[in-house]
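Everything on this sheet refers to the single structure shown next.
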Amino acid sequence: MYVLFFRLNSFIKTTFFSFFILYLIFSMLFLIEDFFTNIFSIGLQNLYLYSNLKIIILILVLLYLISIRSFFINTIRSVDYLFYISFIIIGSCTLFAFDNLLMIFLSLEIISIASYILVSYNRNSYLSNEAGLKYILLGSISSIFFLLGIAFFYFYFGTVDLILIKKIIALINYDIFNNNNIDFLLFYNTFNKIYIFAGICLCTSLFFKIGAAPFHFWLPDIFEGAITSSSFFLAIVPKLSIFFTLVKMLEIFNIDYNYILIIVYLSLIFGSFLALTQKKTKRFLAYSSITHVGFASLPFLTGISNFSFYAIFYFFHYIIISFILWNFVLNVYNFQSLKIRNLVEFSSVFLLKPILSFCFSIIILSLAGIPPFIGFWVKFFVFLQLISVQYYFLTFFALSISFVAIQYYIKLLKLVYYEDYKISYSNSINKNSLIVLSFFIFFLIFISVFPNFYIDFILFIKNGLIFFDDIAINYFISSYLK
């Protein structure tokens, strides 16, 4: 009865879909009202509930749902699909809002469990079931690392509240410069090692979730096995919220730079060189994302006070481009199909869909970092920060990887414009998806022409991550001394 009901009543499904979109719109309006109320009535916007970040997440989800409307209408279990997306939305919006490690873990698990279901959504596909099982097993290992980090923090600090941990660390760092007692110095040496190890455990789990090397082996298989709309969603919303949380963690904890350096080198090497050998579209997108995670992690090595700005500055650009690229894939292919697609199927798209080809060219040129697009500016500023802290070899290495990436991106443009491969495309373009695609292309061109607007936009996002700044720390220490 359930299957027959949703198969026959497309009007019911359309109505449910429309109400879900209205729910997102009203949620955004509520958060916007709350955001401006907090700013103008009290003036302490840095200490509030990250309304600006939630608005960004909900806008992305809204545009995603508009893009896949046809998928929703034509799929039997569409309502279930929206329920799983709702859980990921809840987890994503609460993940970076909590200051308690246990609540952050709970939000991560809400995202993870719903993601496992979305990956294995196609019950009749062997690849989908295999990808779901692999994701569950490896995701459980990453959760163990996060719990291990929480256990160490609770053992040494007696709390899992990030604000209290930040206060305790501030007091210990103050005492270490005003206390020459040998026993205290030995205690601090042991404490510092355990503290760094606990922070590494937490960040390892988060690096796994965003697909950084060497924790990336699950990502290509997951993208390949999941249906395209699920891969689309998982590549955008959960990854963005988890990266925000990673930036927040690195602003609190002192992580060994050698650990991050290894992740950066491996992500750049594995992502770029393995992407060169890929023939499957989804696997290519997976390895390409690993490379961009490596680039986005470069600012973590600088140690400057505003490293989080440059990390978000790069990563949010990648999220925008990734959204457009996945939208392009949905338009080129019949995205209700559950078959694995090849890169060769991009051939001759220019002859059949010139508008999409033009949009695709802008996407690829920005991803490759070709001026004057915004992709060039984000890499330029990241490299500039590396040079400012004398990471000359790493800058040269990252620049070399950029040239490697240009090679496989240009190969895609060659397929679109010059290769001839006999394939059949759908005669019509999904209008909803085309509207979203046009919006993002316009936004991409706008921020490329006016990069100062993009800088202000990233500052707006970054302000939502500051929950306990240096002024508050200094005030706490002075109060303690009194």
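Please treat every number below as a calculation from the coordinates, not as lab data. If you're wondering where the values come from, they're calculated on a predicted model, not measured in any experiment. A quick note on method: Cβ atoms are made from the backbone with ideal geometry, for glycine too, and the neighbour counts reach across all protein chains shown.
Assorted remarks:
- Those residues of the stretch 270-292 whose amide nitrogen sits under 16 Å from the label point placed on SER400, 7 Å along Cα→Cβ: 270-274
- Amide H to amide H, with H built 1.01 Å from N, LYS280 comes under 5 Å of LEU343, counting only residues 5 or more places away or on other chains.
- Between PHE197 and PHE381, the simple spin-label model (points 7 angstrom out along Cα→Cβ) gives 3.9 nm.
- Local charge for VAL119 was computed over the other residues whose Cβ lies under 11 Å away, with Lys and Arg +1 and Asp and Glu -1, and equals -2.
- Exceeding the 19 Å Cα-Cα cut-off - candidates LYS167/LYS239; LYS282/LYS431; LYS248/LYS379; LYS134/LYS282; LYS280/LYS411; LYS134/LYS411: LYS167/LYS239; LYS282/LYS431; LYS248/LYS379; LYS134/LYS411
- Residue exposure sequence - TYR391, TYR314, TYR195 - by fewest surrounding Cβ within 10 Å: TYR391, TYR195, TYR314
- Fewest-first sequence of CYS201, CYS359 by Cβ atoms within 10 Å of each Cβ: CYS201, CYS359
- Taking Cβ atoms as reference points and 13 Å as the exclusive limit, the residues near SER322 contribute a net charge of +2, counting Lys and Arg as +1 and Asp and Glu as -1.
- Which of GLU109, GLU224 has the fewest Cβ neighbours within 10 Å, and the rest in rising order: GLU109, GLU224
- Proximal charge balance of ILE255 [Cβ under 15 Å; K/R count +1, D/E count -1]: +1
- Mean-position separation - Cα centroids, the stretch 353-417 and the stretch 434-451, in angstrom: 17 Å
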